[in-house]
Structure formats: structure tokens, C-alpha cells
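S.K.: Pasting a structure here, questions to come.
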């Protein structure tokens with residue numbers, strides 16, 4: 001049983017990986033696809049001003065990683081070709097580390113956009129997600145997404161699931177431009193962005209640190225343990241699917 005009343009909640013804020021979407025889809029489909037296509041994408045879009053700006057931002061992050069002792073692949077600017085190879089190698093290194101680097105996430109989103117457009121990629125969500133979105137909308141809830149993946153990547157994923165486009169159910173998408181997901185201030189910014197108080201939000205995630213940050217900001221929060229390998233949270237309440245969140249009376253899984 002949930003520890004709060006539905007009337008307290010105006011908006012439902014959702015994580016993606018491990019919450020709405022199987023982790024394997026991200027780690028075994030999206031990440032390898034982006035890593036494989038990164039070099040070719042950078043070469044094909046070398047003259048694009050936005051892509052060049054993202055590469056510059058990655059170069060700055062590379063310097064920061066070096067100073068912090070992370071030992072990224074070397075970066076050379078001797079020629080355009082060296083710069084292209086360096087940025088691709090560094091990007092692939094970041095992907096392998098599941099980095100939350102914002103310019104990398106933006107580049108991944110652009111690469112995935114091509115994959116979704118070609119039909120090589122299709123969004124994946126747990127079966128209870130479309131049902132829950134419809135139920136929550138009927139009950140007047142605002143649905144928002146907060147992920148380390150770029151807003152574009154989020155829109156592409158939810159817009160291409162097999163059961164149909166889910167983006168009409170989603171009022172707002174947020175990424176790391178709002179701040180890190182383990183920082184309480186990020187959740188305060190999100191609440192302000194949709195003209196609400198944090199206490200009017202229910203945040204759902206499979207990550208304990210994110211749950212703690214949302215609660216510190218004043219949000220209600222639930223840990224979502226989709227699999228037995230999901231992070232534990234001691235005695236705190238957790239859910240295993242979305243059927244437990246504001247179910248319709250007399251209707252299981254509606």
C-alpha cells in the first residue's frame with residue numbers, strides 16, 4: 001500500500017532505464033549501436049555547426065577527465081582527421097563507461113534518431129507502461145520523464161514503441177541539463193519548470209540515490225525493482241511494476 005494519498009499528487013516523474021524500459025535495451029542495443037555508428041556519424045557531419053560545438057564540449061570534458069586521473073584515450077588536434085579519430089575514440093570510451101556526459105548524450109540522440117528513422121531501432125518499454133500512461137491520463141495526472149539520455153533520445157524511444165506512440169501522454173521531458181539525477185536541486189528545477197511544488201510530484205526510479213535526492217527536494221518517491229538485481233532500499237517501500245500506482249478500483253492492471 002502506498003504511503004501517500006493520490007490527491008496529493010499532480011505529476012508523475014519517471015526514470016527510464018530499469019523503470020519504464022528494460023536495462024538490456026539500453027546497454028545491449030542503444031549503447032552498442034551508438035558506439036558502432038559514432039565515427040561515421042562524426043565524419044558525415046563534420047561541417048555541421050551543432051555537431052562541431054558538441055565535439056568542442058567533449059574536448060573540454062576530455063581535459064577534465066585527464067585532470068581527474070581517469071586516463072581517457074589521447075586526444076590529438078594535429079589535423080581534422082586526427083581530431084575526428086580522437087573524438088570518436090573518446091566518445092566510445094565514454095559510452096563503455098556509461099558516462100552521463102551531456103554532449104555525448106546529445107550525439108547519441110542524433111545517432112539513434114537515424115536508427116529509429118531507418119527502422120534499425122524501435123523503442124522498448126515494459127508491458128504495463130502504456131496501460132499505466134493511459135490510466136494516469138484518465139485520472140488527470142501530468143506525466144514527465146527525467147533521464148540522463150537527451151530529450152531527443154527520450155522522445156525517440158517513447159515515440160516508436162510497438163504498441164504505438166506514447167509521447168502524447170507525456171507532458172515534459174528532462175535531461176541532465178536540469179542537473180545530475182542524484183542532486184536534490186535538479187528535482188526542484190523540474191517542479192518549477194511545470195509550475196508545481198515538489199510535494200505534488202511522485203518520482204519513480206530504480207536508483208536509490210535518485211530516490212533519496214527526490215525526497216530531499218520534497219517529492220514523494222518510489223523505488224521500482226523490476227528485477228531481483230535491482231538496487232535494494234532496506235525497509236523502504238518499493239514497487240515491481242506500475243500496476244500498483246493509482247490503480248482503478250476493481251480493475252487490476254488497468
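S.K.: Does the stretch 139-149 contain any residue that is closer than 26 Å to residue 180 by Cβ, outside the structural domain of residue 201 (by TED's automatic domain parsing) and in contact with a helix residue (DSSP H, G or I) (Cβ under 7 Å, 6 or more places away or on another chain)?
M.R.: Of all residues in the stretch 139-149, those closer than 26 Å to residue 180 by Cβ come to 141-149.
Still in the list and also outside the structural domain of residue 201 (by TED's automatic domain parsing): none.
Among the residues of the stretch 139-149, not one is closer than 26 Å to residue 180 by Cβ, outside the structural domain of residue 201 (by TED's automatic domain parsing) and in contact with a helix residue (DSSP H, G or I) (Cβ under 7 Å, 6 or more places away or on another chain), which makes the answer no.
S.K.: For residue 205, are the conditions met, namely being within 13 Å of the chain's Cα centre (by Cα) and within 22 Å of residue 10 (Cα to Cα)? Explain how you work it out, then say what you get.
M.R.: Details: within 13 Å of the chain's Cα centre (by Cα): yes; within 22 Å of residue 10 (Cα to Cα): yes.
Taking the combined requirement at face value, the residue satisfies it.
S.K.: Here is a further query. In this structure, is residue 25 under 30 Å from residue 161 (Cβ atoms), modelled with pLDDT of 95 or more, in contact with a helix residue (DSSP H, G or I) (Cβ under 6 Å, 6 or more places away or on another chain) and assigned to a helix (DSSP H, G or I)? Steps first, answer last, please.
M.R.: On the way: under 30 Å from residue 161 (Cβ atoms): yes; modelled with pLDDT of 95 or more: yes; in contact with a helix residue (DSSP H, G or I) (Cβ under 6 Å, 6 or more places away or on another chain): no; assigned to a helix (DSSP H, G or I): yes.
No.
S.K.: Shifting gears a bit: For the stretch 227-249, which residues satisfy the criterion of being out of contact with any strand residue (DSSP E or B) (no Cβ under 9 Å at 6 or more places or on another chain) and either at pLDDT 70 or above or closer than 22 Å to residue 22 by Cα (or both)?
M.R.: Listed by number, the residues that qualify are 227, 228, 229, 243, 247, 248.
S.K.: Something else: Tell me, yes or no, whether the stretch 58-78 has at least one residue that is touching a residue at least 40 places away in the same chain (Cβ under 8 Å), farther than 29 Å from residue 217 by Cβ and out of contact with any strand residue (DSSP E or B) (no Cβ under 6 Å at 6 or more places or on another chain).
M.R.: Taking the stretch 58-78 first, the residues touching a residue at least 40 places away in the same chain (Cβ under 8 Å) are 58, 61.
Imposing the further condition that a residue be farther than 29 Å from residue 217 by Cβ reduces the set to 58.
Among the residues that remain, those that are also out of contact with any strand residue (DSSP E or B) (no Cβ under 6 Å at 6 or more places or on another chain) are: 58.
Yes, because at least one residue in the stretch 58-78 is touching a residue at least 40 places away in the same chain (Cβ under 8 Å), farther than 29 Å from residue 217 by Cβ and out of contact with any strand residue (DSSP E or B) (no Cβ under 6 Å at 6 or more places or on another chain).
S.K.: Given (1) over 25 Å from residue 186 (Cα atoms); (2) not in a helix (DSSP H, G or I), where does residue 12 come up short, assuming only one miss?
M.R.: Going through (1) over 25 Å from residue 186 (Cα atoms); (2) not in a helix (DSSP H, G or I) one by one, residue 12 breaks only (1).
S.K.: For the stretch 74-182, please list each of the helices (runs of 4 or more DSSP H) lying entirely inside it that holds at least 1 residues being more than 18 Å from the chain's Cα centre (by Cα) and crowded, with 21+ Cβ neighbours inside 10 Å. Before the answer, list the steps.
M.R.: Numbers: elements: 80-96, 102-118, 128-138, 151-158.
So the answer is 80-96, 128-138.
The values are calculated or read from the model by the stated rules, or taken from the named source; none is laboratory data. Just so it is clear, the structure is predicted and the values come from calculations on it, not from any experiment. With ideal geometry, Cβ positions are generated from the backbone for all residues, glycine too; neighbour counts draw on all protein chains shown.
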